[in-house]
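Enquirer: Have a look at the structure that comes next, please.
The values are calculated or read from the model by the stated rules, or taken from the named source; none is laboratory data. All figures in this text were calculated on a predicted structure; none of them were measured in a lab. Cβ placement follows ideal geometry from the backbone for every residue including glycine, while neighbour counts extend to all protein chains displayed.
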Amino acid sequence: MRRLTGALTGDGQAARVVPPTGFTAWLTVFTAAAMAFLAVFALALSFSAGRLADRWGEALARTATLRIAAPEGQVAAQTEAALRILEQTPGVAATRALTDAERRALLAPWFGPDLPVERLPIPQLIEITEEGEGFDPQGLRLRLAAEVPAAVLDDHTRWRRPLVQAADRLRALGWAAIALIGGAMAAMVTLAAQAALAANAQVIQVLRLVGARDAYIARAFTRRFTLRALGGAALGAAAGTGAVAALPREGAEGFLTALGFAGVEWATPLAVPALAAVVAWAATRTAARRTLRGLD
Amino acid sequence: MIELEGVSYSYGGGDLLQGVELTLAPGSFHFLTGPSGAGKTTLLRLCYGALRPTAGRVTVFGRELSALDRDGVAQARRRIGVVHQDCQFLDHLPVAENVALPVAVSETGQTADPGNLSELLAWVGLGARADARPPELSGGERQRAALARAVIMSPEVILADEPTGNVDWEMSQRLLHLLIELNRLGKAVLIATHDLMLIRAAKSQVQARVLRIADRRLTAAGADL
Ligand SMILES: Nc1ncnc2c1ncn2[C@@H]1O[C@H](COP(=O)(O)OP(=O)(O)OP(=O)(O)O)[C@@H](O)[C@H]1O
Ligand SMILES: [Mg+2]
């Protein structure tokens, strides 16, 4: 780390010994900018997908309802049987039969508050709280069909499970994309650094002639490329952040309109140039040391 | 300080140099002559570790060269001032910075004392050209800059390859005088040159040995020199 900061702040003279111009400079700046731009989008994708996964995951958090629409007289028995089955079902944390008051409250919006629950054939409702991976709805349905024919299992939020998985996958893909972007940048910077080293064989020869250690020569190149990557990535990250901020925001539910940063996440693009600098530093350092070792 | 024992060198074909014995002791002054292509530059490069001998031993400041790693060679080069025949510079930096380059790369954290630097540049007649880029210099000016760069670190050994090849007689006397002054301070000086006038002029001022490469061997030159 100290060597990295040294490469940025320290010996400016060391960087001067490398000729300043050349296409490698622009290649590095451009690559860093483009990669940073992409990285910001990948970040936004990861965070947005993560937020969706969390939100949807919580929503399906883990409740299902069992409805028992039995003919009068059998309700109590079937409810009891259903509760017993649920108790034995793995993945079920708790069950609770809704009270009359609760059922009335559920129906009140439709039928008014004075509903005579006892006299209407209103189904008994059992709220199921899941734990762990949740229960196996198919198995439970089969058992209920055999023993509590009047029971209907309503796992209304279950349809969202694939969506949550997709969102989770998308978040992982976002991070993978960031890793790939970092790798691609390392490769490009390595090529640029190698080209620069090859183009400056004469400079290296002169430096060696006057007693420069390879580490000094490597540092000169490393500093150059680190600073270029930092500058380019700062530009790219700023542009990427601006582009993300400019995405339309209406319709808060959809995934496309939810793409972006929230709260402190807005600070994360700041890490992109820093990361780019670290990548460029490591790549150039390795390339320089390898090239210098091979150069006589 | 620099010692060659039984040194042979070949660029790939037959031996260019064979069984070379040479000792550059503190305060010694040598001239190296011989026909073009005889291997003078090659011998100098063997002395500062740019080439490794194909046979024999090169000892630099008490350390055998083959035992030194790259950093070791770099360290040794800081104690050896070299004037290259095809004076190599960093073309994007001004002359003054090129001359001060050995100080900059020495990683001692020091920079060339501006007073010393301008004095040195003035001495080699480049006072007015300090801010020029090396490609803008004439051949002779480049050689003078190369000599200034070779001596700025006050090295213990100075190896000069044709340092006066492109300069007029008066300037060559001046450069010679600088080298003789440094030699009087105890530095070992080795000058490869075709310039017999220069050798004669030097011999009247210092105790100089004249060596000659001919037919792959290094020998003492005839008494006429
Ligand atoms: N890198 C190289 N690879 C192959 N052959 C080389 C190399 N450098 C020099 N030679 C050859 O080695 C021989 C000696 O070269 P060197 O430069 O040492 O001669 P020199 O005595 O300095 O000549 P001059 O007086 O012209 O400077 C020459 O024939 C040259 O062509
Ligand atoms: Mg030569």
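Enquirer: Taking A:ARG289 as the residue in question, decide whether it is among the charged types (D, E, K, R), assigned to a loop (DSSP other than H, G, I, E, B) and out of contact with any Leu (no Cβ under 9 Å at 6 or more places or on another chain).
Expert: no
Enquirer: Being modelled with pLDDT under 90 and surrounded by 17 or more Cβ atoms within 10 Å (Cβ to Cβ) narrows it down to one residue among B:GLY49, B:GLY14; which is it?
Expert: So the residue among B:GLY49, B:GLY14 that is modelled with pLDDT under 90 and surrounded by 17 or more Cβ atoms within 10 Å (Cβ to Cβ) is B:GLY49.
Enquirer: Can you tell me which residue is nearest to B:ALA188 (Cα to Cα) among those in the range B:148-176 that are within 16 Å of ligand 1 (Cβ to nearest atom) and in contact with a Leu (Cβ under 8 Å, 6 or more places away or on another chain)?
Expert: Checking each candidate, the answer is B:LEU159.
Enquirer: Related question: For the range B:45-61, give me each residue that is part of a loop (DSSP other than H, G, I, E, B) and polar (S, T, N, Q).
Expert: Across the range B:45-61, the qualifying residue is only B:THR54.
Enquirer: Here's a follow-up. Would you say A:ALA192 is at pLDDT 90 or above, over 30 Å from A:VAL92 (Cα atoms), away from chain B (no Cβ under 14 Å) and in a helix (DSSP H, G or I)?
Expert: In short, no.
Enquirer: Something else about it: Name the one entry in B:TYR11, B:TYR48 that is within 16 Å of ligand 2 (Cβ to nearest atom) and either closer than 18 Å to B:LEU190 by Cβ or acidic (Asp, Glu) (or both).
Expert: B:TYR48
Enquirer: Next question. Tell me, which residue of the range B:121-146 that is within 13 Å of another protein chain (Cβ to nearest Cβ) and either touching a residue at least 60 places away in the same chain (Cβ under 8 Å) or small (Gly, Ala, Ser) (or both) is nearest to ligand 1 (Cβ to nearest atom)?
Expert: B:ALA146
Enquirer: Keeping to the range B:37-47, report how many residues are over 15 Å from B:PRO163 (Cα atoms) and within 6 Å of ligand 1 (Cβ to nearest atom).
Expert: 4
Enquirer: Give me a count of the residues in the range B:81-102 that are within 16 Å of ligand 2 (Cβ to nearest atom), crowded, with 20+ Cβ neighbours inside 10 Å and in a loop (DSSP other than H, G, I, E, B).
Expert: Total meeting the criteria: 3.
Enquirer: Kindly provide the set of residues from the range B:162-215 that are within 16 Å of ligand 2 (Cβ to nearest atom), over 16 Å from the mean Cα position of the chain (by Cα) and surrounded by 15 or more Cβ atoms within 10 Å (Cβ to Cβ), ordered by number.
Expert: Matches in the range B:162-215: B:ARG212, B:ILE213.
Enquirer: Still on this structure: If I filter the range B:62-80 for residues that are within 16 Å of ligand 1 (Cβ to nearest atom), outside the structural domain of B:PRO134 (by TED's automatic domain parsing), modelled with pLDDT of 90 or more and not in a loop (DSSP other than H, G, I, E, B), do I get at least one hit?
Expert: no
Enquirer: For the range B:48-61, name all the residues that are within 16 Å of ligand 1 (Cβ to nearest atom) and touching a residue at least 40 places away in the same chain (Cβ under 8 Å).
Expert: B:TYR48, B:LEU51, B:PRO53, B:THR54, B:VAL58
Enquirer: Next question, about the same structure. Do any residues in the range B:185-196 that are basic (Lys, Arg) have Cβ atoms under 9 Å from those of residues that are away from ligand 1 (no atom under 12 Å from the Cβ) and part of a strand (DSSP E or B), where the two are at least six apart or on different chains, and which pairs are they?
Expert: As it stands, the answer is B:LYS187/B:GLY81; B:LYS187/B:VAL157; B:LYS187/B:ILE158, since those pairs meet every condition given.
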